[in-house]
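First up is the structure itself, then whatever we jot down about it.
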Amino acid sequence: MKNEKLTADQLRQALHYDGETGVFTWKVWGGRGVSVGRRAGSHHNAGYWHIGIGGERYLAHRLAWLYVHGEWPLLEVDHINGNKRDNRIANLRLATRQQNGANRGANLNNKSGCRGVHWHPQSGRWRAEMKVARKSKHIGLFRTKEEASAAYQRAAAELFGQFAGGHNEG
């Protein structure tokens with residue numbers, strides 16, 4: 001995380017934040033695309049909402065934390081429900097990098113649709129595994145994708161507690 005220069009007072013002078021919707025709107029006119037009452041920011045290719053202020057671009061979820069709590073978050077800000085565009089303050093919490101990573105869904109290239117689950121052709125079964133401290137941890141081999149997903153979710157809950165979202169589809 002970069003050294004954020006913007007203060008909470010500067011942010012509150014420029015933008016209004018609705019904590020129930022997670023939306024920022026401009027309080028001041030600022031030139032091209034910036035008019036009073038207009039929604040601030042745009043989608044970023046990583047899925048997050050970004051807002052440009054004073055020539056710097058900021059992640060909206062970090063700005064929400066600053067706006068509400070009056071200081072920059074010292075840790076990462078996790079989206080509890082896994083939706084990177086849901087910046088309601090009730091959906092945001094501080095997290096370590098490991099906790100934040102534990103709460104993300106399946107990778108885009110995941111063919112099973114379930115986090116930590118893939119087909120294991122050598123055994124003809126579904127394999128559940130997870131990375132812990134950058135090392136793969138084998139959970140088990142299962143007859144069904146759903147059994148493997150349930151085993152992954154149990155192991156994640158044991159290891160990561162409330163951060164074990166995973167947002168599995170299976």
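Every number in this text was worked out from the coordinates using simple rules, so none of it is lab data. Everything quoted here is computed from the prediction, not taken from an experiment. A quick note on method: Cβ atoms are made from the backbone with ideal geometry, for glycine too, and the neighbour counts reach across all protein chains shown.
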Quick one: residue 136 ticks every box in (1) free of Cβ contacts under 8 Å to residues at least 12 places away in the same chain; (2) polar (S, T, N, Q); (3) assigned to a loop (DSSP other than H, G, I, E, B) except a single one, so which number is it?
-> (3)
Where residue 138 falls short, out of the listed (1) surrounded by fewer than 14 Cβ atoms within 10 Å (Cβ to Cβ); (2) touching a helix residue (DSSP H, G or I) at 6+ places or on another chain (Cβ under 6 Å) = (2)
May I ask you to list the residues in region 28-56 that are touching a residue at least 40 places away in the same chain (Cβ under 8 Å) and within 15 Å of residue 15 (Cα to Cα)?
-> 53, 54, 56
Count of residues meeting criterion [buried (at least 18 other Cβ atoms within 10 Å of the Cβ), of a type in the set (Gly, Ala, Ser) and more than 21 Å from residue 76 (Cα to Cα)] in region 141-164 | 4
